[in-house]
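Here the structure comes first, spelled out in structure tokens, and everything after it is commentary.
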Amino acid sequence: MMSNNHLTREELQDYVYNVFGASYHITQSERIHGGAQKVIYKIDFKNGFTCMLYVWDISSNYFQEEILNEATFHSSYGSEIFSLNTRFLAQHGIRTPTLYDLNNDRDQYAYDFALVEYVDGQKAEAYFQHKNHIDRNELFQRIKNMLSHMHNIQRNVYGNANDNRKKAEPCYKVQRLDAETALSYASKHMTDIRKNDERLLEKLYELEAAIQPRDLYSFIHGELGPDHIWIDHAMQPCLIDIDGAGFFDLEHEHSFLEFRFGNFIIT
């Protein structure tokens, strides 16, 4: 049986047969921990094949309260945005795990699920202290080239890949609203934040006032840490957890890269 009451072994086997054929017999399925927005299982088959099962179950989502209550979170959650971004990035030559099949019928289950390529390898952060500096530098150059290529996909409105509507507010106001919400929540639970709430808000507004609006947006990952770049055994990078990707101010990605990569900054 599979945990979390998603699919039984028999239900999963039937699904796999429908997608891959009768020669794909499951030998093992185990939950992979770490996914905040979706539940992930690794599935092994008797014929040596391995793939992943993604499940978009809102009740298992770390951010379920925000998704249900705040409009800005709706655009970065769910199987539809994952499928959209997978196709969009593939069309532009950016590698992500292949989407084999997506079941979003909701006829039997209250959640969507998909079979996705298993990329055997390691997170990019595993190579920060790689002993072979030549190989390490070549790898991070490949990562830089991949991200530069993605960031050079541009247009004059921000939003999801299939959303070309002109927005009423500049994109940084979306971030400011999220920051206000985060501070309001933190002030309820952290004494230091509560004591300095007004000062923090003043600083936030001061920083916002210095921003010069832009009219050109890049396609960014949105949460690009070294744990979201997977390196296969051929030392080739692959983007994962692309659900939140879309067109936005490139500085947002640069800030996140600097924060997560530190001395290995690759922008």
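The values are calculated or read from the model by the stated rules, or taken from the named source; none is laboratory data. A quick note: this is a predicted structure, and the numbers were derived from the prediction, not measured. Cβ sites come from the backbone with ideal geometry, for glycine too, and all protein chains shown count toward neighbours.
Odds and ends about this structure:
- All positions within region 112-152 that are among the acidic types (Asp, Glu), at pLDDT below 95 and in contact with a Pro (Cβ under 7 Å, 6 or more places away or on another chain): Glu125
- Of all residues making up region 96-111, the number that are surrounded by fewer than 16 Cβ atoms within 10 Å (Cβ to Cβ) and at pLDDT 95 or above: 3
- Top-ranked residue in region 140-169 [being in a loop (DSSP other than H, G, I, E, B) and in contact with a Lys or Arg (Cβ under 8 Å, 6 or more places away or on another chain); ranked as farthest from Leu250 (Cα to Cα)]: Asn164
- Taking every residue in region 11-29 that is under 18 Å from Glu117 (Cβ atoms) and pairing it with any residue that is in a loop (DSSP other than H, G, I, E, B) and at pLDDT below 95, at least 6 positions away or on another chain, the pairs with Cβ-Cβ distances below 6 Å are Ser29/Met2.
- Any hit, region 205-217, residues being buried (at least 18 other Cβ atoms within 10 Å of the Cβ) and in contact (Cβ under 8 Å) with a residue 60 or more places away in the chain: yes
- Enumeration of residues in region 121-139 that are buried (at least 16 other Cβ atoms within 10 Å of the Cβ), assigned to a helix (DSSP H, G or I) and in contact with a strand residue (DSSP E or B) (Cβ under 8 Å, 6 or more places away or on another chain): Ala124, Tyr127, Leu139
- Test result for Asp232, at pLDDT below 95 and acidic (Asp, Glu): no
- Taken over region 136-157, the criterion of being closer than 20 Å to Gly262 by Cβ and touching a residue at least 40 places away in the same chain (Cβ under 8 Å) is satisfied by Glu138, Leu139, Phe140, Arg142, Ile143, Lys144, Met146, Leu147, His151.
- Failed criterion for Asp178 (all others in (1) acidic (Asp, Glu); (2) assigned to a helix (DSSP H, G or I); (3) touching a Leu at 6+ places or on another chain (Cβ under 6 Å) hold): (3)
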